[in-house]
1. Here is a list of conditions, (1) within 32 Å of the chain's Cα centre (by Cα); (2) more than 30 Å from Met72 (Cβ to Cβ); (3) among the aliphatic types (A, V, I, L, M), and Val191 meets all of them except one; can you say which number that is?
2. Of all residues in region 142-182, which are in contact (Cβ under 8 Å) with a residue 24 or more places away in the chain, among the hydroxyl-bearing types (Ser, Thr, Tyr) and in a loop (DSSP other than H, G, I, E, B)?
3. Find all pairs meeting these conditions: Cβ atoms under 7 angstrom apart; at least six residues apart or on different chains; first residue within region 246-273 and polar (S, T, N, Q); second residue surrounded by fewer than 16 Cβ atoms within 10 Å (Cβ to Cβ).
4. So Gly256 passes all but one of these: (1) assigned to a loop (DSSP other than H, G, I, E, B); (2) outside the structural domain of Leu367 (by TED's automatic domain parsing). Which condition number does it fail?
5. Find the strands (runs of 3 or more DSSP E) located wholly in region 305-398 whose residues include 1 or more that are touching a Leu at 6+ places or on another chain (Cβ under 7 Å) and in the same structural domain as Val50 (by TED's automatic domain parsing), and list them.
6. Do you know which residues across region 309-320 are crowded, with 22+ Cβ neighbours inside 10 Å and touching a strand residue (DSSP E or B) at 6+ places or on another chain (Cβ under 7 Å)?
7. Test each condition in (1) out of contact with any His (no Cβ under 7 Å at 6 or more places or on another chain); (2) buried (at least 21 other Cβ atoms within 10 Å of the Cβ); (3) of a type in the set (S, T, N, Q) for Thr58 and report the one that comes out false.
8. Just need a number here: residues in region 139-189 that are closer than 17 Å to Ile105 by Cα and either in contact with a strand residue (DSSP E or B) (Cβ under 8 Å, 6 or more places away or on another chain) or polar (S, T, N, Q) (or both).
Amino acid sequence: MKTEKNVPFRLALSYDDVLLVPHYSDIPSRKLIDTKTMFSRRIELRAPVVSANMDTVTGSEMAIHMARDGGMGIIHRFQTAEEEADEVRRVKRVESIFIHDPITIQKDATLKQALELMDRTHVTGLIVISEDKTIEGILTARDIRFKTDTSVFIKELMTPKDKVITAKPTISSEEALRILDKYKIEKLPLVDAKGKLAGLITATDYKKTKECPNASKDKRGRLLVGAAIGVKDGLERAELLVNAGVDALVIDIAHGHHKTCIDLVKKLKKQFPSVDIIAGNVATAEGTVDLIKAGADAIKVGIGPGAACSTRIVAGSGVPQLTAVMDCVAAAKKYKIPIIADGGIKNSGDLAKAIAAGAGTVMIGNLFSGTKESPGEYYIESGEAFKIYRGLASRDASIDMVLRGDKEIGRQERAPEGIGYRVTFKGEVRKIFRGLLDGLQSGMSYTGAKNLKEFHQKAEFVRITGEGMNESKPRSHQI
């Protein structure tokens, strides 16, 4: 026990225990405030918000919308490694002006096979190639719109290569746009001098890029995406995810200050040096430093603050989140490694407090659950729409692991450290995301900070009582 009996216990605070002190500001509009930040050592985001790697929060659909608005999504691992890699690939393909590895099919395949491939990869058209990758034609939604016989061969339906408009792989984006507009086509295959497929450009991606100028993208213009791995099958799963194009690997373990996590970080850094490794969760400076020394590119902080987490009640272990974030930020500062504040965010004010405390980004679970983009179907009960939200250490999640044959099969025998419950259907996640960002910019404006670096420097907290928190809440008065 590190605290001596005759020494007072150290006070630790949560977000509700403090407020940000307003300071002089000369910012004409909060919309001018820059929220650019570092998610990890090499990944920069326009907005300091990422969606949690939970199976009721982040699949490819959520990750796509997070990245389009300047944040980032972390695909959950409660699926097979192949399924998770497919989710990553979907994010990577959805908005790349130059698609280097387009989905293809051979002309002797049937329409049924083509439809299954299109459904699995979420594309509306396929490039038809021979075994040596020579382009044979293209199959688009228009070619199959009214077809009912799925046994027909692709070669009978496709637009043949002599009618397909193509371009060289060296074409500029401006010239490609001109060709798409001139011929009123949706897809422009890129073909090399030998007639082999070298890539694809789509009109849809130009439109998406224009609509989302602040999107988080890699050097090839693809949306950024992270994916979670466990400690049991971490290396095998990581290899599939890296091959799928993932930008960050997030180690999903409740107690990150553990030998298995530290050893996995070292192995991942050695085997996949081009991918940022996110380690955690921790709640102490010591845990932060140990993971950084192992090679982590960002540290995830939070033991028990999540809305669906019961670790602090079941295990009696954890550190109130504001103090945990501040301790870990102070430890990581000299290494220039970003901190991800994971859990405990109930509103935009909490987001502002977490960033003011020094976090580079905040990971959100509960607030994004129940949205249109979160995994799972909504259901109607008594005229209201709901979705399910659950912690990954809940009993339901553990049972699903067993049914799926997961390697962590022993978890269902332990006391659960999470719960599951229904949440009201919330509609599109973009409205929630932008509401959080508006609140953050407002909090920064009250502090007089034009960017996150100034916010970290200028932010001042004042501790409040329970009555101070009650006073902070809006109240209705009836006459």
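The values are calculated or read from the model by the stated rules, or taken from the named source; none is laboratory data. Please read all numbers here as calculations on a predicted model, not as lab measurements. Cβ placement follows ideal geometry from the backbone for every residue including glycine, while neighbour counts extend to all protein chains displayed.
1. (1)
2. Result: Thr150, Ser151, Thr166.
3. What qualifies is Gln271/Leu235.
4. The failed condition is (2).
5. 361-364
6. The answer is Cys309, and nothing else.
7. It is condition (1) that Thr58 fails.
8. 19
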